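Structure record follows, encoded as structure tokens.
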Amino acid sequence: MFEAKIANGNGEQTLSRDIYRLGHRFDFFRMLSCYFTTVGFYFSTLVTVLTVYVFLYGRLYLVLSGLEQELSQEPAIRDNKPLQVALASQSFVQIGFLMALPMLMEIGLERGFQTALSEFILMQLQLAPVFFTFSLGTKTHYYGRTLLHGGAKYRPTGRGFVVFHAKFAENYRLYSRSHFVKGIEMMILLIVYQICGHTYRSTVAYVLITASLWFMVGTWLFAPFLFNPSGFEWQKIVDDWTDWNKWINNRGGIGVPSEKSWESWWEEEQEHLQYSGKRGIIAEILLALRFFIYQYGLVYHLHVTRETKSFLVYGASWLVIVLILFVMKTVSVGRRKFSASYQLVFRLIKGLIFLTFLSILVILVTLA
């Protein structure tokens with residue numbers, strides 16, 4: 001909450017007239033000083049994460065379109081040793097060794113290089129990269145959302161006891177939109193990238209290209225549970241599961257806080273869209289359109305399409321998506337209206353629908 005509050009404040013500060021006027025009236029060196037001591041850190045963080053997305057979607061586009069395979073077979077690229085060395089060395093930049101050099105030099109000049117090396121090793125054992133990579137996602141999410149939609153607000157951080165066990169539902173409420181959703185998206189992209197390009201790409205090349213991305217995915221998905229006290233104690237897991245089921249099944253409504261109902265939490269998470277301007281809504285729609293990139297490519301990579309390039313194949317995939325959404329909406333409405341009076345019949349219908357979709361999925365996986 002503290003990181004979110006500070007990131008929201010810097011987002012509003014970026015949009016303010018004060019920064020605009022200071023940037024126009026300062027000389028170059030004072031402008032740099034103002035930038036790096038105020039909004040520059042958060043803007044650089046945002047650019048870092050956006051670069052990861054652009055890199056990953058660019059790689060995925062090359063694989064799905066077939067350009068990566070054709071480029072890898074070109075003699076001028078395949079036998080280009082300087083290019084291969086540059087691509088291999090990028091993994092060291094991605095892992096962050098160059099980012100750690102200024103810290104090592106500073107500690108080495110002040111306290112000796114042996115102390116600097118020992119502290120660097122100790123930081124790795126304390127999982128400092130995991131913590132700071134996770135913090136990177138928090139800053140990026142709330143800073144970027146404020147730039148698009150505004151809506152910075154006070155967040156009560158409290159001054160309570162620090163070391164306590166956080167329940168799973170609480171971790172989900174805090175980090176779902178900022179980390180878990182983005183981490184799952186990146187994981188799916190990496191898996192698709194591996195599946196569609198494994199026939200012509202070596203394992204070493206895949207590891208060098210995606211090692212840091214997999215580290216970010218693992219960090220964003222599991223860091224809250226890794227640093228959670230008693231997070232792997234069995235009784236705590238059982239209690240967290242019970243609390244999660246109670247929270248996810250509670251209906252929302254007027255006066256129901258987000259800590260008591262998933263529906264209230266969801267409405268609170270989407271509240272900023274109600275007060276956003278036209279530019280923010282358009283930017284949000286354009287960002288959401290990125291999912292069509294790999295949907296379009298994946299459809300034509302399935303063997304069930306028999307390598308046809310007709311646009312009707314893409315239209316058929318949309319019919320399948322609409323059908324799935326229709327069935328899910330029907331089940332949701334039926335649960336609200338008929339589950340109390342016809343509980344047994346409704347559960348049998350849900351079971352049949354689940355088995356039908358499971359059978360279709362197995363058939364499609366077998367054919368594809």
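The values are calculated or read from the model by the stated rules, or taken from the named source; none is laboratory data. The structure presented is a predicted model; accordingly, all values stated were derived computationally and were not measured. As a convention, Cβ positions derive from the backbone with ideal geometry for all residues, glycine included, and neighbour counts pool all protein chains shown. Side chains included, ligands, DNA and RNA excluded: accessible areas come from the protein's heavy atoms. Shrake-Rupley method; radii C 1.70, N 1.55, O 1.52, S 1.80 Å.
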Residue match in the range 176-189 (condition: of a type in the set (Ser, Thr, Tyr), in the same structural domain as GLY137 (by the TED database) and under 15 Å from the mean Cα position of the chain (by Cα))
yes
| open to solvent by 30 Å² or more (accessible area, probe 1.4 Å), of a type in the set (S, T, N, Q) and under 29 Å from ILE293 (Cβ atoms) - does that describe any residue in the range 160-177? | no
(1) without any contact (Cβ under 8 Å) to a residue 60 or more places away in the chain; (2) open to solvent by 30 Å² or more (accessible area, probe 1.4 Å) all hold for VAL39 apart from (2)
Selection from the range 244-300 of residues in a helix (DSSP H, G or I), of a type in the set (A, V, I, L, M) and surrounded by fewer than 13 Cβ atoms within 10 Å (Cβ to Cβ) yields ILE282, ILE285, LEU286, LEU287, ALA288
Only unsatisfied item for GLN194, checking (1) closer than 30 Å to ASN10 by Cβ; (2) polar (S, T, N, Q); (3) touching a Phe, Trp or Tyr at 6+ places or on another chain (Cβ under 9 Å), is (1)
Among GLY218, GLY197, the single one that is closer than 28 Å to TYR143 by Cβ and either open to solvent by less than 70 Å² (accessible area, probe 1.4 Å) or of a type outside the set (Val, Ile, Thr) (or both) is GLY218
Counting only residues that are open to solvent by less than 40 Å² (accessible area, probe 1.4 Å) and polar (S, T, N, Q), the range 117-136 contains a total of 2
VAL217 passes all but one of the listed conditions (1) at pLDDT below 90; (2) aliphatic (A, V, I, L, M); (3) closer than 30 Å to VAL299 by Cβ; the exception is number (1)
Within the range 3-36, the residues that are closer than 24 Å to HIS272 by Cα, open to solvent by 70 Å² or more (accessible area, probe 1.4 Å) and among the hydrophobic types (A, V, I, L, M, F, W, C) are LEU15
With the first residue restricted to the range 1-29 and required to be in contact (Cβ under 8 Å) with a residue 40 or more places away in the chain, and the second required to be among the β-branched types (Val, Ile, Thr) and surrounded by fewer than 13 Cβ atoms within 10 Å (Cβ to Cβ), Cβ contacts under 8 Å at 6 or more apart or on different chains are MET1/THR157; PHE2/THR157; LYS5/THR157
If we keep only residues of the range 139-159 that are among the hydroxyl-bearing types (Ser, Thr, Tyr) and buried (at least 21 other Cβ atoms within 10 Å of the Cβ), then the residue nearest to the chain's Cα centre (by Cα) is THR140
Considering residues that are open to solvent by 50 Å² or more (accessible area, probe 1.4 Å) and either more than 17 Å from TYR206 (Cβ to Cβ) or not assigned by the TED database to the domain that holds ARG30 (or both), the number found within the range 45-60 is 5
Residue set VAL181, VAL162, VAL204, VAL192; condition at pLDDT below 90 and under 19 Å from GLU3 (Cα atoms); output residue VAL162
Of (1) at pLDDT below 80; (2) closer than 30 Å to LYS5 by Cα, PRO75 fails just (2)
Discussion item. Just checking, does the range 132-144 include any residue being under 20 Å from LEU213 (Cα atoms) and basic (Lys, Arg)?
Written reply: yes
